[in-house]
Amino acid sequence: MRQVNLLNVTINNITMVELLENLRIGGVVFTPNVDHVMKLQKNQDFYLVYQDADYRVCDSKVLMYVSSFLKTPIHEKISGSDLFPAFYTYYQHDDKIKIFLLGAEADVVKIAQEKINSKVGRNIVVAAHSPSFGFEKNEEECQEIVQLINSSDATVLAIGVGAPKQEMWIAKYKKQLKKIKVFLAIGATISFEAGNIKRSPDWMSQVGLEWLYRLLREPQRLWKRYLLDAIPFLWLIVKQRFQLYENPWSGVKKDKGINIASLIKSKKM
């Protein structure tokens, strides 16, 4: 599979259609963006979890620009908010695909479920659940969620609770989810599907300004992510361009004999 190395994350350089077809046999999909990349410089557990994903696809036009600067161009942006609707549309007639939505507020995730099922023309989203704030630190609640998913007959888990929480939750509990074949970490996509948060206009997304649109709509929540990480990120990219970048976790490798879940500290989720 074609790959691009961007700092310490390997991105699968594939098209949306290729990814959708590959998911027939299942897999874990993460969608790296600038925020993820910067977290991967600081969070060892997140880094280890990222290595365990089957697919890491480019969520950001900015990453496409810098990959071209590094002379290893990424061919297509596959954001979680584009991938998820493409996924349920692609598999709308496949009765084996049954989705569990996990994330957002209770009314929002239910609206998303109803809207998706209406668009698809069948109950492709078989269940939806809104976890409590801080649920990832409550093992009892996490086990209740595992039971909900297992009893739902779902074969796909689409979780949107933000990074690195959603990726680390997948890594920690995926082996307990026996029926789930496809794991999609989709961030704010559930809210987009429900319609309570609007996506940026297409032209802004196409030129790489979706981050600016979201920043202007949610400045208090997002200003640190988008503004404070910008200069350090660009500096790291320049270092990689001139072969001066060093992966902070280069000496850390997951022991094949150890379950990745055992490496995750819940307090960091």
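Bear in mind that the values in this text are calculations on the coordinates, not laboratory data. Predicted model only: the values in this text are computed from it and were never measured. Using ideal geometry, Cβ is built from the backbone for each residue, glycine included, and neighbour counts are taken over all protein chains shown.
Holding the Cα-Cα limit at 29 Å, pick out from Lys42/Lys110; Lys39/Lys61; Lys61/Lys175 the pairs that are longer than that.
Cα-Cα > 29 Å for Lys42/Lys110; Lys61/Lys175; rest within.
For region 139-247, which trypsin sites (Lys or Arg not before Pro) pass both filters: DSSP loop (anything but H, G, I, E, B) and at most 13 other C-beta atoms within 10 Å?
Counting only loop positions with at most 13 other Cβ atoms within 10 Å, the trypsin sites (Lys or Arg not before Pro) in region 139-247 are Lys178, Lys198.
What percent antiparallel are the DSSP beta bridges of the chain, to the nearest 5?
Counting DSSP beta bridges with both partners in the chain, the antiparallel share is about 20 percent.
When the chain is treated as a GNM, springs tying every alpha-carbon pair under 10 Å, which of Ile74, Ile145, Ile231 comes out with the largest mean-square fluctuation?
Per the Cα network of the chain with a 10 Å cutoff, Ile231 tops the list.
Between Ile25 and Ser132, what length comes free when the chain is fully extended (0.36 nm per residue of separation minus the Cα-Cα distance, one decimal in nm)?
Difference between extended and current length: 35.4 nm.
So if I place +1 on the C-beta of Lys and Arg and -1 on the C-beta of Asp and Glu, and nothing else carries charge, what would the dipole magnitude of the chain be about its Cα centre? I want it in debye, nearest 20.
So the dipole magnitude of the chain works out to roughly 520 debye.
Helix 230-241 versus the longest principal axis of the chain: what is the Cα-based angle in degrees, 0 to 90, to the nearest 10?
On a 0 to 90 degree scale, this one is about 60.
Points 7 angstrom from Cα along the Cβ direction at Trp203 and Leu148: gap in nanometres?
4.1 nm
According to the square roots a ≥ b ≥ c of the eigenvalues of the Cα gyration tensor, what is the shape class of region 1-80, taking rounded for a/c under 1.5, prolate for a/b larger than b/c otherwise, and oblate for the remainder?
oblate
Can you show me the helix-derived [θ] at 222 nm for the chain, built from DSSP H runs with n ≥ 4 at -39,500 (n - 2.57) apiece and divided by the number of residues, rounded to the nearest 500.
Calculated from helices alone, the mean residue ellipticity at 222 nm is -12500 deg cm²/dmol.
If I stretch the segment between Phe242 and Phe69 completely, what's the gain in nm (0.36 nm per residue apart, minus their alpha carbon distance), one decimal?
Length difference between fully extended and current span is 61.2 nm.
Want the number for Leu227 to Asp94: 0.36 nm per residue separation, take away the alpha-carbon distance, what's left?
43.6 nm
Please give me the summed charge of the neighbours of Asn150: other residues whose Cβ is under 14 Å from its Cβ, Lys and Arg +1, Asp and Glu -1.
So the surrounding residues net to +4.
May I ask you to derive the FRET efficiency for Glu139 and Ser250 from their Cβ-Cβ distance with R0 = 35 Å, giving the value to the nearest 0.05?
Efficiency, rounded to the nearest 0.05: 0.60.
Helix 80-90 against the longest principal axis of the chain: what's the angle in degrees, Cα atoms only, rounded to the nearest 10?
40 degrees
So which trypsin sites (Lys or Arg not before Pro) in region 21-109 end up in coil per DSSP with only 11 or fewer other C-beta atoms within 10 Å?
Lys71, Lys96
Which residues make up the longest stretch of the chain clear of chymotrypsin sites (Phe, Trp or Tyr not before Pro) that lie in a DSSP loop with no more than 11 other Cβ atoms within 10 Å, not counting the sites?
Between exposed loop sites, the widest span is 1-132.
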